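First comes the structure, then the notes that go with it.
Here, each number is a calculation from the coordinates, and none is a lab measurement. Predicted, not measured: the structure shown is a model, and the values here were computed from it. Cβ atoms come from the backbone with ideal geometry, glycine included; neighbour counts cover every protein chain shown.
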Amino acid sequence: MRMRKKPNLSARMERCEALLVEDPASLRGHWRDLKPDASDLRLELGCGKGRFTAETAAQHPDSLYIALERVPDAMIIAMERCRERNLTNVFFIDADAASLRDYFAPDEVDILYLNFCDPWPTKKHARRRLTHENFLILYRGFLRVGGQLRFKTDNRDLFEWSLCQFPRAGYAVEQVTRDLHAQGIQGVMTDYEEKFHSQGVPINRCVAVRQEMNPEPEFHPIGRPDRARREARFRAMAEAAAQNGQTQDSPDGKDSSPDKP
Ligand SMILES: C[S@@+](CC[C@H](N)C(=O)[O-])C[C@H]1O[C@@H](n2cnc3c(N)ncnc32)[C@H](O)[C@@H]1O
């Protein structure tokens, strides 16, 4: 999603700080501490501006709802929507889906939502699709057996391709529809869904249910974009500090001062 830089992002983030989990790795295995009476834990990947997030969390006040998004300029709108509605069962993570195993422990998640993920239409970028077999195996690291991945997309090619990926990664596919709203609006719409539906584009949906696999498929880590992002931020801070004649500790705790003996 390309977005114009939102003004006052940090001030707006501060106003929503109660909804932001700044160090999601510290909650790995303990997310339910945020809402001990939660009936289940639902995780949305790529929540964007959060129309679906706010409405679904409001409709399920007994659920603990976590929304992940890697573009803060979009996520802040989602956070503000939840804050305006005084929702207390929803929290946000500013991170990339590739890092999810760092943030969630085995069996911690009951329902995973994947709504209108980027289709990455060229073959050379297929591995970036959030329904690629590698990502589906990654999700097995925290979605419980029997847990559901609820997938919606306007993109028919991505949908058909994804239907072939699910069984390869040990998911049974249920509730397949290629025109979800044929008989009238079904369920909560996302921002993208609303736009596509109003243009007459049919919406594809299915539910992929995690099955037991013995042995578990081998997991190949998908790159560490969050780490790369942190390191880029650190490099920028280090450069700024160097210009001011200061030294800086690295995020790894190693001294990066170039002139240390
Ligand atoms: C096409 S938009 C859909 C937004 C929203 N789900 C909706 O349906 O309105 C895809 C969103 O997923 C986010 N996204 C894409 N890849 C991601 C990743 N690897 N990790 C986290 N967010 C991602 C993008 O930043 C963008 O906000």
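The stretch between residue 127 and residue 9 holds 39.4 nm of extra length on full extension. This uses 0.36 nm per residue minus the Cα-Cα distance. Here the peptides 22-31, 75-84 are ranked by packing, the mean other Cβ count within 10 Å, and the order with the highest first is 75-84, 22-31. Contact order, relative form, for region 9-219: 20 percent (alpha carbon pairs under 8 Å, 6 or more residues apart, mean separation divided by residue count).
Direction-averaged projected area, Cα convex hull, region 98-206: 7.0 nm², rounded to one decimal. Phi angles of region 188-199 translate, via the Karplus equation with coefficients 6.51, -1.76, 1.60 and θ = phi - 60°, into HN-Hα couplings of 7, 8, 8, 4, 5, 4, 4, 5, 5, 4, 5, 8 Hz per residue; Gly and Pro are given as x.
With neighbour counts taken as other beta-carbon atoms within 10 Å, the residues 151, 91 rank, fewest first, as 91, 151. Annotated for the chain: lysine pairs at least 8 residues apart or interchain, Cα distance under 30 Å, count 18. Using equal-weight Cα scatterers in the Debye expression, the normalised intensity of region 3-132 in log10 at q = 0.11, 0.14, 0.21 Å⁻¹ is -0.38, -0.61, -1.31. Pairwise Cα distances in the chain exceed 25 Å for 48 percent of all pairs. What does a probe at residue 40 reach in region 195-215, counting residues whose amide N is under 13 Å from the point 7 Å along Cα→Cβ? Output list for this probe position: 207-210.
Gain on full extension, evaluated as 0.36 nm per residue between residue 84 and residue 71 minus their Cα-Cα distance, stands at 2.6 nm.
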